[in-house]
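Structure record follows, encoded as structure tokens.
The values are calculated or read from the model by the stated rules, or taken from the named source; none is laboratory data. These numbers come from a predicted model, not from an experiment. Cβ placement follows ideal geometry from the backbone for every residue including glycine, while neighbour counts extend to all protein chains displayed.
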């Protein structure tokens, strides 16, 4: 799958738009390191390009979940932060190669600049501590076969690094001033690039372990990818993972259907369901487990969403024009022979009902001519459904609502059929907005 737009990542709440926003990234939990957090975010915006990559990544996370305890590098965040800060610090180091010159500089630096020397000693010790903790994993990794491809790369990197004679010298356990300056010179100057590569490996493992720990606790499942001519999306027990009391839904969109037209009143659950589907599709293409009991799906080249569109004041684009540009992006992808999964919430709500109805019919007619792609489209216009009541490529689904004692009651369950309930006036009365006017 190609990387989706930033808008899609925000619409599906995969990444937060504001620091306090709920997001899938935040749901996965805190990494031990800031670098691990960055690695986790990079992974979350990097879907797999092929089905083979998905299978390899699934195998990786299943492996990490199975061996979570021996793989986790147990180093306090404070030490990692101290090591990171020292790697980029501008404290002086000794480049003297001869023993006598290094002895003289160590004596001068520690004697006449004790504050800077102690800072250098502490920073060097932090780097050494982190590297030794990483080194401990090499012996264990060497006993496990076969290793997933990603971990084979990490293992090879670590082996090469710790076999280096200069690194062996830098990691000697000595607090003598000469040894401290020598270790600092090796780690921060002579082998700085190699040290950073090893720290990157630490961040990768931190991100992997954080994800594996969450998946293990949440009880999510890995999807099963199928290779069929007509696209398949079949899910049971699907929930929106960011809701505390989410309702589970079973849903299937398979041949001959390629488009689900979803209707329902306000607050019935349409948007939440569409987001849950989008999250499941995207997580599946990251090679991760999904918030469901089971998922069977095809590989898709692209994921497109239109959920929370607004006017773009900077570009002078209206809501309706933004919708048109979204449809154009889908059309361009299909013209490029890509298979796509499209989610459109309240199609063409940015224009008047007559235009919305006409535009929606034309777009849906174009969508259902495609093979290998799937479309989830919700609409506030029940008239659209009448057009496709007898079309086997369009599947009619709905979220029903009831009016009980003047209040709207929703079960948030998707079911076959058409929902034509109008709940706007009931909700207006229920909120009591007009009581004081």
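Residue check: is residue 347 under 20 Å from residue 302 (Cα atoms), in a loop (DSSP other than H, G, I, E, B) and assigned by TED's automatic domain parsing to the domain that holds residue 281?
Answer is yes for this residue.
Identify all residues within the range 364-388 that are touching a residue at least 12 places away in the same chain (Cβ under 8 Å) and in a loop (DSSP other than H, G, I, E, B); write none if there are none.
368, 370, 371, 372, 373, 379, 380, 381, 382, 388
Yes/no matrix, rows are residues, columns are (1) within 23 Å of residue 393 (Cβ to Cβ); (2) at pLDDT below 95:
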position: 244; (1), (2): no, yes
position: 249; (1), (2): yes, no
position: 254; (1), (2): yes, yes
position: 260; (1), (2): yes, no
position: 269; (1), (2): no, yes
position: 275; (1), (2): no, no
position: 291; (1), (2): no, no
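Among residues belonging to the range 379-392 that are within 35 Å of the chain's Cα centre (by Cα) and under 12 Å from residue 418 (Cβ atoms), point out the one that is modelled with the lowest pLDDT.
382
Within the range 233-245, how many residues are crowded, with 16+ Cβ neighbours inside 10 Å and out of contact with any strand residue (DSSP E or B) (no Cβ under 6 Å at 6 or more places or on another chain)?
4
Answer with yes or no whether residue 105 is modelled with pLDDT under 85, part of a helix (DSSP H, G or I) and surrounded by 15 or more Cβ atoms within 10 Å (Cβ to Cβ).
For residue 105, the condition - modelled with pLDDT under 85, part of a helix (DSSP H, G or I) and surrounded by 15 or more Cβ atoms within 10 Å (Cβ to Cβ) - is met.
When the residues of the range 64-81 are filtered to those that are surrounded by fewer than 18 Cβ atoms within 10 Å (Cβ to Cβ) and touching a helix residue (DSSP H, G or I) at 6+ places or on another chain (Cβ under 6 Å), which remaining residue is farthest from residue 142 (Cα to Cα)?
In this case the residue turns out to be 79.
Just give me the residues in the range 61-90 being touching a residue at least 24 places away in the same chain (Cβ under 8 Å) and under 30 Å from residue 299 (Cα atoms), in sequence order.
61, 62, 63, 64, 65, 67, 68
Can you pull out the residues in the range 79-102 that are under 20 Å from residue 114 (Cβ atoms) and either in a helix (DSSP H, G or I) or modelled with pLDDT of 90 or more (or both)?
Scanning the range 79-102 gives 82, 85, 86, 102.
I need the full set of residues from the range 12-60 which are surrounded by 16 or more Cβ atoms within 10 Å (Cβ to Cβ), in contact (Cβ under 8 Å) with a residue 40 or more places away in the chain and more than 30 Å from residue 145 (Cα to Cα), in order please.
Listed by number, the residues that qualify are 12, 13, 14, 23, 24.
Evaluate the range 210-219: report whether one residue or more is closer than 14 Å to residue 284 by Cβ and either in contact with a strand residue (DSSP E or B) (Cβ under 9 Å, 6 or more places away or on another chain) or modelled with pLDDT under 95 (or both).
Looking through the range 210-219, at least one residue is closer than 14 Å to residue 284 by Cβ and either in contact with a strand residue (DSSP E or B) (Cβ under 9 Å, 6 or more places away or on another chain) or modelled with pLDDT under 95 (or both).
Where in the range 1-78 are there helices (runs of 4 or more DSSP H), lying wholly inside it, with at least 1 residues that are farther than 30 Å from residue 373 by Cβ?
So the answer is 24-27, 34-44, 51-66, 68-71.
Looking at (1) under 27 Å from the mean Cα position of the chain (by Cα); (2) modelled with pLDDT of 95 or more, which is the one condition that is false for residue 148?
(2)
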